[in-house]
1. With the requirement that a residue be in contact with a Ser or Thr (Cβ under 9 Å, 6 or more places away or on another chain), surrounded by 10 or more Cβ atoms within 10 Å (Cβ to Cβ) and in a strand (DSSP E or B), what does region 26-41 give you?
2. Can you tell me which residue in region 2-23 is modelled with the lowest pLDDT, limited to those that are touching a strand residue (DSSP E or B) at 6+ places or on another chain (Cβ under 7 Å) and within 25 Å of T53 (Cβ to Cβ)?
3. Of all residues in region 5-20, which are surrounded by 13 or more Cβ atoms within 10 Å (Cβ to Cβ) and not in a strand (DSSP E or B)?
4. In region 42-85, which residues are aliphatic (A, V, I, L, M) and loosely packed, with under 10 Cβ neighbours inside 10 Å?
5. Looking at K23, K2, which is the one that is in contact with a helix residue (DSSP H, G or I) (Cβ under 7 Å, 6 or more places away or on another chain) and either surrounded by 11 or more Cβ atoms within 10 Å (Cβ to Cβ) or not aromatic (F, W, Y) (or both)?
6. Name every residue in region 46-101 that is of a type in the set (D, E, K, R), without any contact (Cβ under 8 Å) to a residue 12 or more places away in the chain, within 23 Å of K23 (Cα to Cα) and not in a loop (DSSP other than H, G, I, E, B), in order of residue number.
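The values are calculated or read from the model by the stated rules, or taken from the named source; none is laboratory data. This structure is a prediction, so every number in the text was calculated from the model and none was measured. Note that we place each Cβ from the backbone using ideal geometry, even for glycine, and neighbour counts take in every protein chain shown.
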Amino acid sequence: MKEIGYEANATVLCAADYRVPQKRERIIFIGNRIGAKNYWPKPLLTPENYVTTGEAIADLMEREPDAAFNHLPTKHRPDMVERMAALKEGESLYKGYSDAW
């Protein structure tokens, strides 16, 4: 990046520190060509205050479907609803997938 005129820095940030309901670390690059100092955002939360997925999407349970808001729930077939309801929390319907219902 220096060869093309950028002053760049990289660091690892945890998404959960910024109200994302995932403890996922990501390397973040910040760069500029104007000679300014690159600042990292200060964490907004500490681990004891992390947001759960349930907390993050709780308001969607009462919200009407709305394409403009990108809130269109999946319409499952009745047999699929039964299969998902029979799963224990964290289990997947499919072998080899880490996704869970």
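1. Restricting attention to region 26-41, the residues satisfying the condition of being in contact with a Ser or Thr (Cβ under 9 Å, 6 or more places away or on another chain) are 27-30, 40.
So of that shortlist, the ones also surrounded by 10 or more Cβ atoms within 10 Å (Cβ to Cβ) come out as 28-30, 40.
Once the filter is applied, which keeps residues that are in contact with a Ser or Thr (Cβ under 9 Å, 6 or more places away or on another chain), surrounded by 10 or more Cβ atoms within 10 Å (Cβ to Cβ) and in a strand (DSSP E or B), region 26-41 yields I28, F29, I30.
2. Step by step, filter region 2-23, then rank; the result is K23.
3. Y6, A15, A16, D17, Y18, R19, V20
4. If the condition is that a residue be aliphatic (A, V, I, L, M) and loosely packed, with under 10 Cβ neighbours inside 10 Å, then M61, A67, A68, L72, A85 are the ones that fit.
5. From the options K23, K2, the qualifying one is K23.
6. Going residue by residue through region 46-101, those that are of a type in the set (D, E, K, R) are 48, 55, 59, 62-64, 66, 75, 77, 79, 82-83, 88-89, 91, 95, 99.
Checking the rest, the ones that are also without any contact (Cβ under 8 Å) to a residue 12 or more places away in the chain come to 48, 59, 62-64, 66, 75, 77, 79, 82-83, 88-89, 91, 95, 99.
Next, from what is left, pick out any that are within 23 Å of K23 (Cα to Cα): 48, 59, 88-89, 91, 99.
Residues satisfying the conditions are E48, D59.
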